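Chemist: I have a structure here, written as structure tokens, and I will follow up with some questions on it.
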Amino acid sequence: VKKIAEEENISLAELETIQGSGSNGRVQKQDVLKYLEDRKEGKPSAAVKPVQAASAPRTETVVQESKPKVSVSIGAQDQIIEMDRVRKLIADHMVMSKRVSPHVTAVVEADVTNLVLWRNRIKDDFQSKYGEKITYMPVFVEAVARALAEFPGLNASVDGDRIILRRNINVGIAVAKPDGNLIVPVIKNAEEKNLVGLTKNLNKLADAARKNKLSPEDIQDGTFTITNFGSFRNLIGTPIINQPQVAILATGSIEKKPAVLELPTGDVIAIRHKMFLSLSYDHRVVDGALGGAFLRRIADILEEFDINRPV
């Protein structure tokens with residue numbers, strides 16, 4: 001190639017414009033001869049590649065997907081706080097979840113008067129007998145585990161075009177840590193535990209989470225998540241699904257409200273304890289009928305709670 005270039009007065013710069021047919025674009029003898037033939041006939045050669053400016057270095061262009069960035073103006077009195085590693089992971093996970101799953105949120109209001117009266121009556125005896133403080137969350141976990149057993153389509157994950165129905169019901173509970181970050185410890189095989197077992201398991205995990213003593217196994221293999229907005233006296237929320245799960249339940253605060261009760265003697269207005277339950281689900285695999293029926297079932301289980309349930 002170099003010999004032909006010298007004989008035909010082809011400069012090195014001109015030689016570099018020829019698109020080679022060899023490995024990795026290497027210029028071969030036939031490429032140079034074809035270039036000379038086209039040049040003699042005065043027609044542009046198909047083998048010629050664009051000439052780069054002499055001052056510009058030859059580089060390869062790599063196209064990468066970049067995160068959209070919002071332009072933010074910073075004032076002289078503003079404070080800048082760098083995200084820590086955990087907050088960055090949470091942020092990336094939440095953005096990924098919204099990008100992956102089309103979220104739909106359904107809401108129902110549940111009358112939990114029986115549950116509230118029962119807990120107020122037994123909480124001291126429960127702590128004396130089992131050495132554990134009972135909150136409403138173990139009852140919520142119990143209700144969710146029962147409903148998931150009846151609606152396995154909500155105890156699932158999506159893998160491409162496949163729906164994976166999970167055999168075990170592992171309920172994660174979102175816990176706020178003292179540093180402001182969230183973590184989701186998981187109660188494994190929740191459907192196999194009674195209320196005492198759920199309470200002990202939940203209290204142990206919550207305490208370990210607040211003390212940063214959770215093991216990797218404590219936060220793995222969740223199949224469904226509950227987040228308790230009610231602990232901050234919030235009523236309704238639209239939680240983001242904890243991937244790769246397909247749904248998440250938010251429990252609002254319990255408040256006294258006037259309500260119409262249908263009695264054999266007629267309708268009456270009474271003070272009842274009520275709360276909102278919000279279910280966000282992945283609309284790729286969970287339709288409104290399935291999501292709505294599942295959420296209503298959780299509400300029914302809570303409303304039918306036995307006020308005389310033994311401790």
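The values are calculated or read from the model by the stated rules, or taken from the named source; none is laboratory data. Note that the structure is predicted; figures quoted are calculated from it, not measured. When we count neighbours, we look across all protein chains shown, and the Cβ atoms used for this are built from the backbone with ideal geometry, even at glycine. These area figures cover heavy atoms from the full protein model, side chains too; ligands, DNA and RNA do not enter into them. Shrake-Rupley method; radii C 1.70, N 1.55, O 1.52, S 1.80 Å.
Chemist: When the stretch 279-289 is examined, which residues are found to be out of contact with any Ser or Thr (no Cβ under 6 Å at 6 or more places or on another chain) and either more than 20 Å from GLU304 (Cβ to Cβ) or open to solvent by 30 Å² or more (accessible area, probe 1.4 Å) (or both)?
Modeler: Once the filter is applied, which keeps residues that are out of contact with any Ser or Thr (no Cβ under 6 Å at 6 or more places or on another chain) and either more than 20 Å from GLU304 (Cβ to Cβ) or open to solvent by 30 Å² or more (accessible area, probe 1.4 Å) (or both), the stretch 279-289 yields TYR281, HIS283, ARG284, VAL285, VAL286, ASP287, GLY288, ALA289.
Chemist: Now for a separate question. For the stretch 233-303, which fully contained strands (runs of 3 or more DSSP E) count at least 2 residues that are touching a residue at least 60 places away in the same chain (Cβ under 8 Å) and in contact with a strand residue (DSSP E or B) (Cβ under 8 Å, 6 or more places away or on another chain)? Walk me through how you get there before you give the answer.
Modeler: On the way: elements: 247-251, 255-263, 266-282.
The strands (runs of 3 or more DSSP E) meeting that bar are 247-251, 266-282.
Chemist: Same structure, new question: Please find, among LEU165, LEU214, LEU182, LEU205, the residue that is open to solvent by 50 Å² or more (accessible area, probe 1.4 Å), of a type outside the set (Lys, Arg) and free of Cβ contacts under 8 Å to residues at least 60 places away in the same chain.
Modeler: Of the residues listed, the single one that is open to solvent by 50 Å² or more (accessible area, probe 1.4 Å), of a type outside the set (Lys, Arg) and free of Cβ contacts under 8 Å to residues at least 60 places away in the same chain is LEU165.
Chemist: Inspect the stretch 224-232 for any residue being in contact (Cβ under 8 Å) with a residue 60 or more places away in the chain, farther than 15 Å from SER101 by Cβ and within 17 Å of the chain's Cα centre (by Cα) and give the result as yes or no.
Modeler: Within the stretch 224-232 (the criterion being in contact (Cβ under 8 Å) with a residue 60 or more places away in the chain, farther than 15 Å from SER101 by Cβ and within 17 Å of the chain's Cα centre (by Cα)), the answer is yes, since at least one residue qualifies.
Chemist: Same structure, new question: Considering only residues that are under 22 Å from the mean Cα position of the chain (by Cα) and more than 21 Å from VAL144 (Cβ to Cβ), which ones fall in the stretch 202-213?
Modeler: ARG210, ASN212
Chemist: Check off (1) assigned to a helix (DSSP H, G or I); (2) modelled with pLDDT under 75; (3) open to solvent by less than 60 Å² (accessible area, probe 1.4 Å) for SER45 and give me the number that stays unchecked.
Modeler: Answer for SER45: the failing condition is (1).
Chemist: Identify, please: which residue in the stretch 146-162 is at pLDDT 95 or above and open to solvent by 30 Å² or more (accessible area, probe 1.4 Å) and is, among those, nearest to HIS93 (Cα to Cα)?
Modeler: Out of the qualifying residues, it is PRO152.
Chemist: Being at pLDDT 95 or above and open to solvent by 100 Å² or more (accessible area, probe 1.4 Å) narrows it down to one residue among ARG85, ARG121, ARG99; which is it?
Modeler: Testing whether each residue is at pLDDT 95 or above and open to solvent by 100 Å² or more (accessible area, probe 1.4 Å) leaves just ARG121.
Chemist: Which one of these does GLY266 not meet: (1) small (Gly, Ala, Ser); (2) open to solvent by 80 Å² or more (accessible area, probe 1.4 Å); (3) at pLDDT below 95?
Modeler: Of (1) small (Gly, Ala, Ser); (2) open to solvent by 80 Å² or more (accessible area, probe 1.4 Å); (3) at pLDDT below 95, only one is false for GLY266: (2).
Chemist: Could you grab me the full set of residues in the stretch 238-258 that are farther than 14 Å from VAL104 by Cβ and either among the polar types (S, T, N, Q) or open to solvent by 10 Å² or more (accessible area, probe 1.4 Å) (or both)?
Modeler: Matches in the stretch 238-258: ASN242, GLN243, PRO244, GLN245, THR251, SER253, ILE254, GLU255, LYS256, LYS257, PRO258.
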